[in-house]
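The values are calculated or read from the model by the stated rules, or taken from the named source; none is laboratory data. Keep in mind that this is a model prediction, so the values were computed, not measured. When we count neighbours, we look across all protein chains shown, and the Cβ atoms used for this are built from the backbone with ideal geometry, even at glycine.
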Amino acid sequence: MNPAHETAATALRELLDLLDRGAPPEHFARPAAAARGAGAGPGEQALVEEATRVALDIRRTLDQHRRREAELTALFDTAGDLAALRELDAVLRAIVHRARMLLGTDVAYLTLNDPVAGDTFMRVTDGCVSAAFQQLRLGMGEGLGGLVAQTARPYASADYHTDSRFKHTPAIDSGVREEGLRGILGVPLRVGDRVIGVLYAADRRLRDFAPDAVALLASLADHAAVAIDSARLLEETRTALVELGAATETVRAHGEAMRLAAETHDRLTELVLRGGDVADLAYEVAALLGGGLVVHDADGSELARVASDPIPPPVRGAAASRSGGRAVATDGIWVCAVLAGPEPLGSISLTGRADLPDSDRRLFERASLVTALLLLLRRSLAQAEDRVRGELLGDLLTAEADGRPRDTGSQALRVLRARKLGVDLTRPHAVLVLHCDTALRPRLAAEAARHARALDGLAGLHEGRAVVLAPVPGRPGVLAESLAADLGQALGSPVTVGSAGPADGPAGLPAVYAEAVRCLEALHSLGRTGDGADLPGLGFLGVLLGDRTDMPGYVEHVLGPVIEYDRKRGTELVRTLEAYFDHGAALHKAKDTLHVHVNTVVQRLDRIGRLLGDTWNTPPRALEIQLALRVHRLTSRP
């Protein structure tokens with residue numbers, strides 16, 4: 001073989017080797033150049049150049065086949081993803097990523113139409129670096145994507161910034177410029193005849209998109225549209241199943257609530273019919289709701305408590321429940337107001353239940369209705385009993401018209417009536433007369449009746465006054481003072497209480513009542529409104545007003561600590577007081593009478609001040625002490 005033919009053969013073998021290796025197009029010019037350098041003749045040179053052209057054609061054909069194969073593989077993979085029904089976001093990200101890879105672009109992204117806002121927004125991006133670009137929203141007809149979404153046709157631009165076919169806006173242009181995009185291709189996402197979004201491929205350099213690139217991106221867009229629509233249908237199916245399950249659960253829960261409500265109604269009705277009280281109701285409701293229960297009346301007093309620590313009256317919670325007509329949660333405690341129409345009767349509190357379903361809440365509210373019924377029954381019974389007690393009290397305090405005591409038979413009958421009410425008239429009883437502002441007298445009568453029941457006594461209205469009859473072994477002044485304080489606090493207004501007694505038996509009660517009335521009038525005359533006392537507690541005025549003058553008791557009340565001090569220690573404090581007052585509080589004259597130094601008189605008076613209190617030398621107390629000294633001087637003589 002001559003050298004020229006051998007050079008051509010070598011060039012042809014090298015071209016075949018380049019085809020086999022898939023070398024870049026620029027490498028195919030090397031065999032022809034080598035042949036020329038080796039001195040190949042014109043014929044051999046033409047042969048090598050023709051072979052090079054054919055080899056390049058074959059290479060382009062192979063590249064097209066490989067690209068088409070890759071495209072088909074990507075489409076098959078996408079179809080497989082859809083068949084596997086993967087999560088929608090993952091499928092869309094895979095489609096956008098494949099579009100970027102297959103078209104060899106810098107960026108790919110997908111937007112979805114928003115029918116409410118009337119625009120299209122970024123849904124998935126791949127290769128983007130600009131946050132502003134990834135948050136873009138395009139109005140219909142704005143920019144390349146807005147035009148695709150509006151017209152349902154694909155559009156491509158080799159250089160978007162200089163393309164006048166599109167409606168440029170500052171926001172879109174700024175986002176595209178920040179991302180650095182120039183060549184952009186967009187194809188519509190169709191579901192039937194409806195466009196739901198746009199799929200894009202874009203480069204950061206000038207690029208003309210060939211028809212096969214447009215067709216490939218359109219195929220991927222079709223798959224993306226199918227994925228979105230399938231996900232929508234699947235989501236609707238799931239939602240329908242969830243709603244069906246929720247409806248089934250609601251029916252079941254409603255049936256269970258109806259069963260529980262019927263059971264609760266039967267149990268509470270049985271409780272009322274068998275005469276149960278508020279404590280029985282609290283026990284039943286606490287067991288039904290699985291928590292602790294506390295019942296308060298309108299004044300905040302605890303009426304019943306089951307499986308709960310003591311809690312203060314829920315004033316704020318009861319007010320919220322009363323205004324809203326429902327049970328409310330306050331500080332971890334459920335509270336429901338107990339009402340009789342608009343009138344508040346109290347409240348019930350449920351502890352130990354942070355959460356309360358509707359069925360339990362309705363049960364709790366029903367319990368408040370039954371509580372209201374029981375409290376109304378209780379009040380009716382109490383009012384009836386108070387009426388009977390008041391009638392008995394009136395009979396006991398009323399003397400015969402001529403002032404004579406009632407006959408023995410009548411007194412025995414009253415004692416028997418009182419015993420049926422739990423009052424033992426064989427014990428010494430005091431009478432307490434109460435006074436307050438006229439507008440508050442009905443409340444005062446109710447509070448007095450409550451206190452009287454606690455004292456095993458009687459209460460009622462007599463001659464227009466609220467009166468309490470209570471067993472008291474000694475002087476009733478302490479009880480009067482206590483009642484004045486308690487009732488004044490309960491009513492929020494001063495309550496004055498005059499007292500007398502105790503009476504030895506029922507026959508003496510009218511006279512004791514009259515003395516208690518005089519004591520009340522004396523308290524008002526002395527300006528001691530809102531105070532409570534008996535006549536001995538009023539000093540010499542009480543001695544003057546009392547029917548049963550107790551001079552030794554008066555002296556003991558005024559001078560008792562001083563007399564007792566002299567008796568135990570052999571001192572002369574009483575004599576010192578007499579000399580002090582006899583000489584008009586002149587110390588130098590008192591010391592001459594007592595034959596002691598003036599300092600001794602001062603020391604004795606200091607001791608008397610510690611025994612009688614700092615106010616012993618004020619004019620009212622000084623008058624009391626001087627009167628008691630005179631009485632003591634008279635009663636202590638042999």
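Brief remarks on what is shown
- Residue match in region 218-226 (condition: touching a residue at least 24 places away in the same chain (Cβ under 8 Å), farther than 30 Å from Gly290 by Cβ, among the small types (Gly, Ala, Ser) and not in a helix (DSSP H, G or I)): no
- Residue satisfying condition, being at pLDDT below 70, closer than 27 Å to Thr61 by Cα and not basic (Lys, Arg), within set Ala29, Ala8, Ala33: Ala8
- Only one entry in Ala253, Ala282 is surrounded by 11 or more Cβ atoms within 10 Å (Cβ to Cβ), assigned by TED's automatic domain parsing to the domain that holds Ser368 and of a type in the set (A, V, I, L, M, F, W, C), namely Ala282.
- The criterion of at least 3 residues that are charged (D, E, K, R) and modelled with pLDDT of 90 or more is met, among helices (runs of 4 or more DSSP H) falling completely within region 90-208, by 170-179.
- Among the residues of region 441-458, those identified as closer than 21 Å to Asp297 by Cα and of a type in the set (Gly, Ala, Ser) are Ala445, Ala446, Ala448, Ala449, Ala452, Ala454.
- Residue ranges of helices (runs of 4 or more DSSP H) in region 472-585 with at least 3 members out of contact with any helix residue (DSSP H, G or I) (no Cβ under 8 Å at 6 or more places or on another chain) and either modelled with pLDDT under 85 or in the same structural domain as Ala452 (by TED's automatic domain parsing) (or both): 477-491, 509-525
- Residues that are free of Cβ contacts under 8 Å to residues at least 40 places away in the same chain, more than 38 Å from the chain's Cα centre (by Cα) and under 17 Å from Gly390 (Cβ atoms), drawn from region 432-444: Arg441
- Leu413 of a type in the set (A, V, I, L, M, F, W, C) and either at pLDDT 80 or above or touching a strand residue (DSSP E or B) at 6+ places or on another chain (Cβ under 9 Å) (or both): no
- The lone criterion from (1) farther than 26 Å from Val558 by Cβ; (2) in contact (Cβ under 8 Å) with a residue 24 or more places away in the chain left unmet by Gly492 is number (2).
- Of all residues in region 218-244 being of a type in the set (Ser, Thr, Tyr) and either buried (at least 17 other Cβ atoms within 10 Å of the Cβ) or under 22 Å from Val124 (Cα atoms) (or both), the one that is farthest from the chain's Cα centre (by Cα): Ser219
- The residues listed here are Pro428, Pro473, Pro502, Pro442; of these, the one that is farther than 21 Å from Thr529 by Cα and exposed (fewer than 15 other Cβ atoms within 10 Å of the Cβ) is Pro473.
- Among the residues listed as Ala286, Ala279, the single one being within 21 Å of Ser359 (Cα to Cα), hydrophobic (A, V, I, L, M, F, W, C) and assigned to a helix (DSSP H, G or I): Ala286
- Flag if Ala279 is without any contact (Cβ under 8 Å) to a residue 40 or more places away in the chain and in contact with a strand residue (DSSP E or B) (Cβ under 7 Å, 6 or more places away or on another chain): yes
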